[in-house]
Protein chains: 4
Amino acid sequence: MPNSSNIGRVHYRHFLTIPTRWMDNDVYGHVNNVVYYSFFDTVVNKFLIEQGQLDYSKGKVVGLVVETKCQYFAPIAFPDVVVAGIRVAHIGTSSVRYEIGLFKNDEDNPAAEGYFVHVYVTRSGNKPTPLSTQMRSVLAKIS
Amino acid sequence: MPNSSNIGRVHYRHFLTIPTRWMDNDVYGHVNNVVYYSFFDTVVNKFLIEQGQLDYSKGKVVGLVVETKCQYFAPIAFPDVVVAGIRVAHIGTSSVRYEIGLFKNDEDNPAAEGYFVHVYVTRSGNKPTPLSTQMRSVLAKIS
Amino acid sequence: MPNSSNIGRVHYRHFLTIPTRWMDNDVYGHVNNVVYYSFFDTVVNKFLIEQGQLDYSKGKVVGLVVETKCQYFAPIAFPDVVVAGIRVAHIGTSSVRYEIGLFKNDEDNPAAEGYFVHVYVTRSGNKPTPLSTQMRSVLAKIS
Amino acid sequence: MPNSSNIGRVHYRHFLTIPTRWMDNDVYGHVNNVVYYSFFDTVVNKFLIEQGQLDYSKGKVVGLVVETKCQYFAPIAFPDVVVAGIRVAHIGTSSVRYEIGLFKNDEDNPAAEGYFVHVYVTRSGNKPTPLSTQMRSVLAKIS
């Protein structure tokens, strides 16, 4: 596997602990590469809900995922616990790019790193819509 | 939805906290019925690993799932936390039946109840094999 | 594993072919028990959509899953193809019970059998609501 | 959403049809971004199995996923069918980069594009190992 980028937990600004599940493991006995992206959108969306910036059933704007990427450095396996760290790397007019690091148990070298880009659109018309002032100040807290 | 069977947490003998994930939710904004079974095999297998009774990569015997059932009483939705309770209901020669209750956050009425039956077989030959004495005593602790 | 109930494909009235996916396999190299339930709600909901009986984004009634069960007779593994058969076993005032058989590739003995119960409720109030006449006639076709 | 890169099906060399499943949809009624990566590793691994280049239970070498990326251009929703196209973009000493396009139903503009990088390692020692001659010739067919 490639070496990690040597970005430890200090790079990230907000963390969520996500226990692995039995079915996360694939035939090789490690968490399947797909599941890492589930950790990505779980940490991002939970942060937004806790900060009052996401109401997925009634909100008038919706964050669409337009691009994601992940580099895998070391395996994770059930029953490991994943600590997902996020940092806002870029705030555009209607978009947000999050950098994400996944750490296994209490390790400081990431098992994986990637990013996740949301574009906000109106729920009804699917048109890009500017981030609210409140949303911008929430994002600034973890920039 | 049907009423629950009014079996609260007291019925169960071992618990595991399992946070929901963003993608657990389906189009109706609730955790999809399928995912509940992932909670089932996570709580059972994590218990067995912690008790030294499951080594899924090298163990000579394997627990095959032969039957599962779930009744759904109340919705769960991300970012709720699930508390999964288990109790061993029956120990056969080579099989174990676990009763499982899923509780939403700090509620005492189960959101769902079900069971999960393992039959132990040899990894190589796939033939039923009797539970070990050590395994029986571990299971007895949560009967 | 238990013997199957010896109910072949002839028992079912409608079929859907569902290819397995790489991540369906678990550490033992077989499709995880949880995933079988995804086959269940896929065959049922696709049938309802094709028959014009399910509009999950705008429909005024919603089918809640209240009970599911599965017995596992034989393993399935990626890249096997699953053929899911359904039959309506019971139609209540506001509920439907589907019997489901999962067949591996071109086999006639089921790899798994189970059932799936929907209760229909109003989307807004979550109260049980009687099945429509049109729905009843659709269900009758596969009874 | 961003415009697609206007790379149609003609860019890809091998295709697999993957029907969506009910639980692929998320709360917004579209296939969740995570699931796209399941389409990625399904099309790649099925191709390798069919070509006799992957025996996940007994093979002495294992393809580890070290990097994946996806750009999302247009939504897909159950019961849509996904056609996944792949092309080998780079063959290294022990690695392969696949470009992947996902097409909705019979559309020619991709709903998503991305890539997927495997590094081959020995199963026992987890050390990078050169691609076999046979593997290289299989990959060349879809380069």
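Since every read-out is calculated from the coordinates, none of them should be taken as a lab result. What you see is a predicted model, and the numbers here were worked out from it, not measured in a lab. No Cβ is skipped: glycine too gets one built from the backbone with ideal geometry, and neighbour counts run over all protein chains shown.
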Averaged over C:56-69, number of beta-carbon atoms from partner chains that fall within 10 Å
5
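Would you mind getting me the FRET efficiency between C:HIS11 and B:GLU50? Use the beta-carbon distance for r and R0 = 56 Å, nearest 0.05.
Numbers: r = 42 Å, r/R0 = 0.75.
According to the calculation, E is roughly 0.85.
Restricting to DSSP H runs of at least four residues, report the calculated mean residue ellipticity at 222 nm for chain C, -39500 (n - 2.57) per run over all residues, nearest 500 deg cm²/dmol.
Values: 2 runs with 27 residues, N = 143.
Helix-only estimate at 222 nm: -6000 deg cm²/dmol.
Rounded to the nearest 0.05, what FRET efficiency do B:LYS127 and C:ARG123 have when you use their Cβ-Cβ distance and R0 = 51 Å? Intermediate values should be presented prior to the final figure.
Details: r = 50 Å, r/R0 = 0.98.
With a Förster radius of 51 Å, E is 0.55.
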Beta carbons within 10 angstrom, averaged per residue: use that to sort the peptides D:134-142, A:76-84, highest first.
A:76-84, D:134-142
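Report the Stokes-Einstein translational diffusion coefficient (µm² s⁻¹, integer) for segment B:10-114, Rh taken as the Kirkwood radius over Cα pairs, at 37 °C with viscosity 0.692 mPa s.
Details: Rh = 14.5 Å.
Reported coefficient: 227 µm²/s.
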Long-range HN-HN contacts of A:HIS90 with modeled amide H, under 5 Å:
A:ARG97
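May I ask you to derive the FRET efficiency for B:ILE142 and A:ASP106 from their Cβ-Cβ distance with R0 = 22 Å, giving the value to the nearest 0.05? Please report the intermediate quantities before stating the final value.
Numbers: r = 28 Å, r/R0 = 1.27.
The value I calculate is 0.20.
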Could you give the distance between the Cα centres of segment B:45-96 and segment D:40-58, to the whole Å?
30 Å
Pseudo-label separations to other copies for D:ASP106 - Cα-to-Cβ vector, 7 Å, nm
2.8, 5.8, 6.0
By Cβ position, which chain A residue lies least far from the axis that rotates chain A onto chain D, and what is the distance to the nearest whole angstrom?
A:LYS69, 2
Which distances, shortest first and in nm, link B:SER143 to the matching position in the other copies, using label points set 7 Å out along Cα to C-beta?
4.6, 6.2, 6.3
³J(HN,Hα) computed for each position of segment B:42-53 - Karplus, 6.51 cos²θ - 1.76 cosθ + 1.60, integer Hz, glycine/proline x:
6, 5, 5, 5, 5, 4, 5, 5, 4, 8, x, 10
If labels are modelled 7 Å from Cα along the Cβ direction, A:PRO128 lies from its partners in the other copies at nm distances, smallest first, of 3.8, 5.1, 6.3
Kindly write out, for segment D:16-26 in residue order, the coupling ³J(HN,Hα) from the Karplus curve 6.51 cos²θ - 1.76 cosθ + 1.60 (θ = phi - 60°), rounded to whole Hz, with x marking Gly and Pro.
9, 8, 10, x, 6, 10, 3, 6, 5, 5, 9
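Going by average Cβ neighbours within 10 Å, how do the peptides D:53-59, D:29-35, B:86-92 rank, with the highest at the top? Don't skip to the answer; put the middle values down first.
On the way: D:53-59: 13.7, D:29-35: 22.7, B:86-92: 16.4.
Descending packing order for the listed peptides: D:29-35, B:86-92, D:53-59.
Is the shape of the protein assembly as shown best called rounded, prolate or oblate, per the rule: a/c under 1.5 gives rounded, else a/b larger than b/c gives prolate, else oblate, with a ≥ b ≥ c the square roots of the Cα gyration tensor eigenvalues?
rounded
Ignore the peptide's own chain and count Cβ atoms of other chains within 10 Å of each Cβ in B:11-19; give me the average, rounded. Don't skip to the answer; put the middle values down first.
Values: counts 0, 0, 0, 0, 0, 2, 1, 3, 6.
Shielding by partners across B:11-19 averages 1.
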Provide a whole-number value for the mean count of partner chain Cβ atoms within 10 Å of the Cβ atoms in peptide D:39-51.
3
